[in-house]
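Coordinate-derived values only; no laboratory data. Just so it is clear, the model here is predicted, and its values are computed rather than measured. Heads up, the Cβs are rebuilt from the backbone with ideal geometry, glycines too, and the neighbour counts pull from every protein chain shown.
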């Protein structure tokens, strides 16, 4: 019998100390359900250390990434207050293994949402929408992993930056996004890359957390998924993302 | 040299007429001689105009960083648009009309004023744009297997084919040419995602480049000209029966429907 609790310690320690670990392969590999159990236990350790739960992140939300990993369902991870990076603030490379950044759309929940919901019900629970950047950092060597690995590793989530919130009263299904590093565009895309419309990602989030007895709580942030491919971070880099109708969000990498 | 330019033009003209793609023509031209490739294009432009085809605009190609890198160039290129390339929205397209067809989503600018100066500015271009619409360009290549380098595509009228214009004209100021999101779906599946900035930083900048180059080349842009300003995302192949829809935020949508075989 696999020791899932032990695996939870392994991924949590890898994240806490920014140390790369090997994949869980062969008899140690996880089913998707086992992987979510490992994720839940590893985040519980973070909460025991005093971190606070602040939301969820969605992953594999683009067709390209689903095909790349060979899955047909999105994945999710848990966000804590310790992962939050101040808008305009800076991070240190030492806190990550091999971090990348991707531009996203963030939802701020105004009402609880869980289970099978319509797009309309999902949007009715949203208080605000904002441009966001997610710092993803697989703890696995060379960013190589199977589906079970990445889910156990909190779906590669390690940090996030959120820009200014605005009322969700605009059409945000196809907003152009330019991700720049040191002032030069490195990725160009649209919020349409997120399942065709970011609201679909929110609907998936409500459905998926419900399977684990969770509810998207008022005040929580839902990161809807990457709108472009991820860009590798490097010491000294300044990152900025500009989203049509939503504005800009950025941070820098100190060393 | 002149002989080879004529020979390259003949090969491409014959490929177009017969529907049988030809070998690349780059070997016939001095390496890296883009001017020679435009000379090839110009021979066929004059041929088509003499044959009665109506010149209605220009297309800009190679506007994305990734495509430029792929072909090892650092500049876009242009080709001629003729009236018979215009497909009405809703009209089924016979795939055989374009050799080895692929589709791209673009912003089309319709010019309202003459841009006949080599010293044009962004302000001149924005002032001369009458309106913009979402567009799908069906590109094609007369060169077998799209085995093209810069000289081949320039000589081959920038790999032009057909185009469909959307029906929601917008004036400058009513949409964001640089940050507009673009998604193109083929039979409901997303095949290309991008934004205005993917086209040389902005489709307006691409159009400024074109306007200057066309003024210099003696075929300046003028009132009524259609400018296909360049792809906002990757191109996608199409097959008989495909229905392609492109949506550009602020400019609505446009469809290209290909007839089943």
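Quick notes
- Percent breakdown of C-alpha pair distances by 5 Å bin, ordered from the shortest bin, for the stretch B:155-215: 4, 13, 14, 25, 26, 13, 5, 1, 0
- Cα gyration tensor shape for the stretch A:1-108, rounded if a/c is under 1.5, else prolate or oblate: oblate
- Inter-chain neighbour count for A:225-232: the average number of beta-carbon atoms from partner chains within 10 Å of each residue's beta-carbon is 1.
- Calculated [θ] (222 nm, deg cm²/dmol) that DSSP helices of n ≥ 4 give over chain A, each run adding -39,500 (n - 2.57): -7500 deg cm²/dmol
- Separation of alpha-carbon centers, the stretch A:47-113 and the stretch B:12-68, rounded to whole Å: 48
- Here chain B was treated as a single set of alpha-carbon atoms; its pair distances binned every 10 Å from 0 give 8, 33, 38, 19, 2 percent.
- Separation of the stretch A:180-204 and the stretch B:204-261, taken as the distance between their Cα centroids, equals 23 angstrom.
- Computed over the stretch B:70-138, the ratio Rg/Rh where both radii use C-alpha atoms and Rh is Kirkwood: 1.02
- Under a Gaussian network description of chain A, with springs only between Cα atoms under 10 Å, the residue in A:117, A:105, A:38 that fluctuates furthest is A:117.
- Highest-fluctuation residue, A:31, A:241, A:180 considered, GNM on chain A with Cα pairs under 10 Å: A:31
- Among B:146, B:209, B:48, residue whose mean-square fluctuation peaks in a GNM of chain B (springs only between Cα atoms under 10 Å): B:48
- Normalised contact order of the stretch B:55-258, rounded percent, pairs of Cα under 8 Å and 6 or more residues apart: 33
- Three principal axis lengths of the stretch A:4-253 [C-alpha, angstrom, descending]: 48, 43, 37
- Cα gyration tensor, the stretch A:121-206 - rounded (a/c under 1.5), prolate or oblate: oblate
- When only Cα pairs below 8 angstrom with a gap of at least 6 residues are kept, the stretch A:4-253 shows a relative contact order of 28 percent.
- Estimated translational diffusion coefficient (Stokes-Einstein, Kirkwood radius over Cα pairs, 10 °C, 1.306 mPa s) of the stretch A:54-132: 105 µm² per second.
- Relative protection proxy for A:166-175, A:6-15, from highest mean packing down: A:6-15, A:166-175 (other beta-carbon atoms within 10 angstrom).
- For the stretch B:1-128, convex hull of alpha carbons as volume per residue, Å³: 165
- Within chain B, helix-based [θ] at 222 nm, where runs of 4 or more DSSP H residues each add -39,500 (n - 2.57), nearest 500: -8000 deg cm²/dmol
- Largest-first ellipsoid semi-axes for the protein assembly as shown, taking √(5λ) over the Cα gyration tensor eigenvalues, angstrom: 48, 23, 21
- Per residue of peptide A:175-185, the mean number of Cβ atoms on other chains within 10 Å of the residue Cβ is 4.
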